[in-house]
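The values are calculated or read from the model by the stated rules, or taken from the named source; none is laboratory data. From a predicted model like this one, the values you see are computed outputs, not experimental measurements. Don't worry about glycine lacking a Cβ; one is built from the backbone with ideal geometry, like all the others, and counts go over all protein chains shown.
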Amino acid sequence: MFRLKPAIRSILFISIMLILSISLSAQEPKTNYEQKIVQVLEGYQQLMSVPLDSDVEDAAGYTWYICSQAIDKGFLRFAVDPVSDSLLQGAHFFAEPGKNVTHIIVTTNLLDMWTVTPSTAYVLLTGAFRDASIFFQDPPSWGESQNDTMERLLMKLDMYNVMARLVRDRLLPSGFLLSPYDSYILDSLEKDELASVILYLEKFSLPVAQGMYNARLGFEEDVTEDDFRDFINDLGTQLQESRNAILPGSDDSVIYPQAVAIHTWLEFSPYLIARIHNRDRTDNPLSFDQILNLEPDYRETRRLLEASRTKDMPMMNHIAEETLKGFEGS
């Protein structure tokens, strides 16, 4: 079974990296947040050092191992963002093209939260570490994913998966008191394989996204252009019919999943429909406007779904905001 190295060496390097990292604040904060990061990471290292049963996959432990190696070698540092108070952005990974040094950026809100609710701080850090570990294992693929919404969503699904398993396999057995956020992610893993997390925290429909991604993979193998085109258009039509079938005056909780499904199709289908025309074009790929002129059925389906999304967007944003409010104080 994979085991972590002792904590002392990593923490010493973490301290050095923190001193060298660039603060995102122009003014020196009253609280010594750099020192607080060290304390948080010391606690995180202790959490990671607890051995798991041999039959339990230790994804979070392996993720931390990769990141601790990057810290030791000076490739990963930490910086404090004193402005953002978003729970979901409490910790995130940042890599700049052409730079050898990357950063985990944490908010002062997360560092303050750690004192009261350490479980949530560790969960959010795990998501950032997972993102970083993917980068260090395959930087080109990570870079390509930043401009590929489908790939990026699947990476986020993987991040949430590791975060939920941290709750289940480490935080609960260690006696941590879970916040509503921690419990929500774990419940979603166990009840719907994170579909509700993706639906309410990322505003995407996981079934629609996975179906479109599988079709994308099929087109790269042996699916014909006509079958691929039919799949895209038929799916859009089915989503519109499902949305239209909802009775007027229905509760927003009934409308929301259908509205998000349409949003997902609108976000992902341009890549798919463009792939039909540009897959074999190494030079002068067609613009999206040119493609729309060549795909009248898709253009009309897209027009209808855009109108539906525009109508539902205020409701979608409201539910997303209310969901986040429910985790405030986590």
Do we have residue 330 as at pLDDT below 95 and of a type in the set (Ser, Thr, Tyr) here?
-> yes
Across (1) farther than 21 Å from residue 70 by Cα; (2) in the same structural domain as residue 81 (by TED's automatic domain parsing); (3) not hydrophobic (A, V, I, L, M, F, W, C), residue 131 clears everything bar (1)
With 133, 141, 119, 145 as the choices, which residue is free of Cβ contacts under 8 Å to residues at least 12 places away in the same chain and surrounded by 16 or more Cβ atoms within 10 Å (Cβ to Cβ)?
-> 145
If we scan region 95-113, do we find a residue that is touching a Leu at 6+ places or on another chain (Cβ under 9 Å), among the hydrophobic types (A, V, I, L, M, F, W, C), surrounded by 23 or more Cβ atoms within 10 Å (Cβ to Cβ) and assigned to a helix (DSSP H, G or I)?
-> yes
Which of the residues that make up region 281-330 are of a type in the set (Lys, Arg) and either in a helix (DSSP H, G or I) or in contact with a helix residue (DSSP H, G or I) (Cβ under 9 Å, 6 or more places away or on another chain) (or both)?
-> 299, 302, 303, 309, 311, 325
When region 83-109 is checked residue by residue, the ones that are over 16 Å from the mean Cα position of the chain (by Cα) and touching a residue at least 24 places away in the same chain (Cβ under 8 Å) are 83, 84, 85, 97, 100, 101, 102, 103, 107, 108, 109
Which number in (1) closer than 26 Å to residue 271 by Cβ; (2) under 15 Å from the mean Cα position of the chain (by Cα) marks the one condition that residue 185 misses?
-> (1)
Please find, among 224, 237, the residue that is of a type outside the set (Lys, Arg), touching a helix residue (DSSP H, G or I) at 6+ places or on another chain (Cβ under 7 Å) and outside the structural domain of residue 127 (by TED's automatic domain parsing).
-> 237
Tell me, yes or no, whether region 56-72 has at least one residue that is in a loop (DSSP other than H, G, I, E, B), farther than 21 Å from residue 175 by Cβ and out of contact with any Leu (no Cβ under 9 Å at 6 or more places or on another chain).
-> yes
Quick one: in region 73-94, which of the residues that are assigned to a strand (DSSP E or B) and of a type in the set (D, E, K, R) is farthest from residue 33 (Cα to Cα)?
-> 77
